[in-house]
Amino acid sequence: NAMVKIDKLSVLDNYKIQLVFSDHTEKTIDFKPFIGNDRFTSQLSSMDYFRKVNVYENGRGIYWPNEYDFCPDFLRNYDAK
């Protein structure tokens, strides 16, 4: 089973990111639950910084300049409660 990859990313308002995966699934994820007070995630509370998110060259995750990242499998299977 080939690992799912991220083909496309769009930053939306209010800390949401729309993702398109290699299996053609589209998903919008609210990242607010992942933003805390620790040194990694507190930077993301600035929308300007949050928008600096990028996709790894091979589609194997998304990341911010501070190296905080998420793998595609987690994001593809993530289901906000």
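FYI, it's all coordinate maths here, none of it is from the lab. All values reported here derive from a predicted model rather than from experimental measurement.
General observations
- Stokes-Einstein diffusion coefficient of the chain, Kirkwood radius over Cα pairs, 37 °C, 0.692 mPa s, in µm²/s: 256 µm²/s
- Amide H within-cut-off set for residue 7, under 5 Å, with H built and near neighbours excluded: 20, 21, 22
- Within the chain, helix-based [θ] at 222 nm, where runs of 4 or more DSSP H residues each add -39,500 (n - 2.57), nearest 500: -2500 deg cm²/dmol
- For the range 46-61 versus the range 6-33, the gap between their alpha-carbon centres in whole angstrom: 11 Å
- Remark: the residue 80-residue 38 segment gains 13.0 nm on full extension, using 0.36 nm per residue and subtracting the alpha carbon distance.
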